[in-house]
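The structure appears below as structure tokens.
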Amino acid sequence: MSVLVFVEHIEGVIRKTSLEAVQYASEIAKKLGTNATAVAAGQIEEPALQELGAYGAQKVLHVADERLNELNARACTRILVTAAQQENSQVIVLLHDVNGRAIAPRVAIQLKAGFVAGALDFPNLEKGFVIKKSAFSGKAFAYVNITSPVKIITLSPNTFPLVKGEGTASVEKLAIAFEEKDFAIQVKSVEKITGEVPLADAELVVSGGRGMKGPENWGLIENLAHELGAATACSRPVADSNWRPHHEHVGQTGGTIRPNLYIAAGISGAIQHLAGVSGSKTIVVINKDPEAPFFKAANYGVVGDVMEILPKLTEAVKKFKAENR
């Protein structure tokens, strides 16, 4: 009996958030007195899979099918169900992202498993198998006890710091009897998003709203992000106005992120936006309106014009980096 964890990759490179999921699954396995087994699909070099051992996986089951280089929810559901039955797994961990949300419910139905989405902590085993998650758009926490024999969890990204240890995982090929319907939906083309740091995996994020006044001023956001090694994001009105691409939109109707640091420049902080960023460990708000709702959720607030403050903040970061080289 092992704890199963599904890992995602981009062109053969394991995602940082997947490494976090492996680490999370391995800690659960220790609590249960068993091992963690990773499941990977698509073309990934064996050394990259073996390195999962440094994050706690004892074994990796690999389905090296090039059709799975772009994630396919139906096919990956069959892979996870097959792996869970082979390994007699009673706990399955996936990422709480667009892929995990597509796969986990399908697996739960087929395995008749209890399912909690967006875990924020390790299971509490003293009173069963209790999972902490956010509720009501991040305004509260819920504690859910999974009582079914098989339990499925999706882990919110950036919940735990990533710590690389030592160890090498063994890699085994997993044979899957796919059916034609598993590939009824196929990816015909992929539009790649370029950037210094992928938003979903970012630990630092600099975000802008309507207070930036227009796309011509977005260089102020990008300059600060570049110096911090951060990703950039935006509020919905910015994306709707085509100042920024929609993949940068965070909020209730956009992406949900949990960075260690979220800097919001010129964003009022409507509840719809807070729903996507309230899990951030530290929130810094810059706004000229002292009554902006975002200040109530902020750890640090700066009242002032973003056009003046952002360049000064960027220069301060540059100076700090130069003094600490």
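Accessible area of the range 143-294 with a 1.4 Å probe: how many percent of it is carbon plus sulfur? Whole-percent figure for carbon plus sulfur exposure: 51.
May I ask you to list the lysines whose Cα is less than 25 Å away from that of K181, ignoring any residue fewer than eight positions away on the same chain? Partners found: K112, K173. Rounded to the nearest 0.05, the FRET efficiency derived from the C-beta distance between Q186 and N88 at R0 = 30 Å is 0.40. Give me the one-decimal nm value for the distance between modelled label points at D65 and K30, 7 Å along each residue's Cα-to-Cβ direction. Label-label distance for D65 and K30, simple model: 3.5 nm. Considering the range 164-316, its Cα convex hull presents a mean projected area of 13.2 nm². Give me D for the chain in µm² s⁻¹, whole number, from Stokes-Einstein with Rh from the Kirkwood sum over alpha-carbon pairs, 37 °C and 0.692 mPa s. So the translational diffusion coefficient is about 157 µm²/s. Residues within the reach of a label modelled at E11 (point 7 angstrom out along Cα to beta-carbon, backbone nitrogen below 14 Å), restricted to the range 54-70, are 70.
So if I place +1 on the C-beta of Lys and Arg and -1 on the C-beta of Asp and Glu, and nothing else carries charge, what would the dipole magnitude of the chain be about its Cα centre? I want it in debye, nearest 20.
In total the dipole reaches around 900 debye.
Write down the accessible area per residue of the chain in Å², having rolled a 1.4 Å probe over the full set of protein chains.
Result: 49 Å² per residue.
Structure remark: mean-square fluctuation, Gaussian network model of the chain, C-alpha springs under 10 Å; the largest value among S280, S241, S134 belongs to S241. The charge dipole of the range 1-132, taken about its Cα centre with unit charges on the Cβ of Lys, Arg, Asp and Glu (plus for the first two, minus for the last two), comes to roughly 600 debye. Comparing K139, K288, K127 in a Gaussian network model of the chain, where Cα atoms under 10 Å apart are tied by springs, the biggest mean-square fluctuation is seen for K127.
The orientation-averaged projected area of the convex hull spanned by the Cα atoms of the range 105-250 comes to 14.2 nm². For the chain, give the share of DSSP beta bridges that are antiparallel, in percent and rounded to the nearest 5; count only bridges with both residues there. Around 15 percent antiparallel, to the nearest 5.
For the range 51-166, the direction-averaged projected area of the alpha-carbon convex hull comes to 8.4 nm². Extension gain for the segment E222 to D305, taken as residue separation times 0.36 nm less the Cα-Cα distance, is 28.2 nm to one decimal. With 16 Å as the cut-off, how large is the P(r) tail for the range 147-187, expressed as percent of Cα-Cα pairs? That tail contains 75 percent of the Cα-Cα pairs.
The values are calculated or read from the model by the stated rules, or taken from the named source; none is laboratory data. Everything quoted here is computed from the prediction, not taken from an experiment. Every residue, glycine as well, gets a Cβ built from its backbone with ideal geometry; the counts of neighbours run over all protein chains shown. Note: accessible area is taken over every heavy atom of the protein model, side chains too, but ligands, DNA and RNA are not part of it. Shrake-Rupley method; radii C 1.70, N 1.55, O 1.52, S 1.80 Å.
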